[in-house]
Amino acid sequence: MRFLVYRAGALARLGHSHVVQAGTIKGEIHLAPDIRQSSFSLVLPIADFKVDAAESRAEEGEEFSVLPDDEAIAGTTKNMLGEKVLDAVSFPQIEIGSLALSGPAWGPDITVRIKLHGVEREITVPTAIDNSGEQLVATAFFSVYQSDFGITPLSVLGGAIQVANTVRVRMRLVAKKA
């Protein structure tokens, strides 16, 4: 799972957009014969997030083509984990759980509850499912807003350089069938 965090503001060109990769995803998936009866719960430990890995940035295209230096990546990581953003000490994980699935088995809309930064929100995520073979592969691409979870996007120079409120989430989960 990747989080695409974009630069914003009048001087955005002086900042960097970032790719944040979830390092570990834990959880359970219950796959029912009728996909609409299926469910899942996932936990993403925030301390395992990786900021701006070269391979991840390269895969995400032009906006992410310039790799920040090690010092910038360390600063971004410190800011992201700190009190003003994710506050990883107080809120060490993101929780995502399914509430309802509707639509065809190959492309259900999944209503999920996301718990982030101590705040829970429900959103519906269009998802592609491949349930052939010995594994289940689910892919999705959707947006969340930092402010919906009580997070104020970072801003400097009176807002001339900022982090955009919108975070794009790119998900590809692969689960082996038991």
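Structure above, values below:
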{"read-out": "Of all residues making up the range 159-178, the number that are over 19 Å from residue 16 (Cβ atoms) and small (Gly, Ala, Ser)", "value": "2"}
{"read-out": "Residue satisfying all of: in the range 43-58; under 18 Å from residue 79 (Cβ atoms) and among the β-branched types (Val, Ile, Thr); surrounded by the fewest Cβ atoms within 10 Å (Cβ to Cβ) among these", "value": "46"}
{"read-out": "Residues that are assigned to a strand (DSSP E or B) and within 14 Å of the chain's Cα centre (by Cα), drawn from the range 98-120", "value": "112, 113, 114, 115, 116"}
{"read-out": "Lone unmet requirement of (1) in a loop (DSSP other than H, G, I, E, B); (2) among the hydrophobic types (A, V, I, L, M, F, W, C); (3) over 19 Å from residue 163 (Cβ atoms); (4) under 18 Å from the mean Cα position of the chain (by Cα) for residue 89", "value": "(4)"}
{"read-out": "Failed item, numbered, when residue 175 is tested on (1) touching a His at 6+ places or on another chain (Cβ under 8 Å); (2) closer than 22 Å to residue 26 by Cα; (3) among the aliphatic types (A, V, I, L, M)", "value": "(1)"}
{"read-out": "Scan of the range 124-169 for residues that are among the aliphatic types (A, V, I, L, M), more than 22 Å from residue 83 (Cβ to Cβ) and over 14 Å from the mean Cα position of the chain (by Cα), ordered by number", "value": "128, 129, 136, 137, 138, 160"}
{"read-out": "The range 117-131, subset among the polar types (S, T, N, Q) and in contact with a strand residue (DSSP E or B) (Cβ under 7 Å, 6 or more places away or on another chain), residue surrounded by the most Cβ atoms within 10 Å (Cβ to Cβ)", "value": "127"}
{"read-out": "Members of the range 132-168 found to be crowded, with 17+ Cβ neighbours inside 10 Å, outside any loop (DSSP other than H, G, I, E, B) and among the β-branched types (Val, Ile, Thr), listed by number", "value": "144, 161, 163, 167"}
{"read-out": "Residues that are outside any strand (DSSP E or B), modelled with pLDDT under 95 and either of a type in the set (A, V, I, L, M) or touching a helix residue (DSSP H, G or I) at 6+ places or on another chain (Cβ under 8 Å) (or both), drawn from the range 26-46", "value": "31, 32, 35"}
{"read-out": "Identity of the residue in the range 5-42, surrounded by 16 or more Cβ atoms within 10 Å (Cβ to Cβ) and touching a Gly at 6+ places or on another chain (Cβ under 6 Å), that ends up farthest from residue 153 (Cα to Cα)", "value": "42"}
{"read-out": "Checklist (1) of a type outside the set (Gly, Ala, Ser); (2) touching a His at 6+ places or on another chain (Cβ under 9 Å); (3) under 25 Å from residue 114 (Cα atoms) applied to residue 64, failing item", "value": "(3)"}
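Table: residues versus (1) closer than 22 Å to residue 118 by Cα; (2) part of a loop (DSSP other than H, G, I, E, B); (3) touching a residue at least 40 places away in the same chain (Cβ under 8 Å); (4) out of contact with any Lys or Arg (no Cβ under 8 Å at 6 or more places or on another chain).
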position: 56; (1), (2), (3), (4): no, no, yes, no
position: 68; (1), (2), (3), (4): no, yes, yes, yes
position: 71; (1), (2), (3), (4): no, no, no, yes
position: 79; (1), (2), (3), (4): yes, no, yes, yes
position: 84; (1), (2), (3), (4): yes, yes, yes, yes
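The values are calculated or read from the model by the stated rules, or taken from the named source; none is laboratory data. None of the values given here were measured: they were computed from a predicted structure. With ideal geometry, Cβ positions are generated from the backbone for all residues, glycine too; neighbour counts draw on all protein chains shown.
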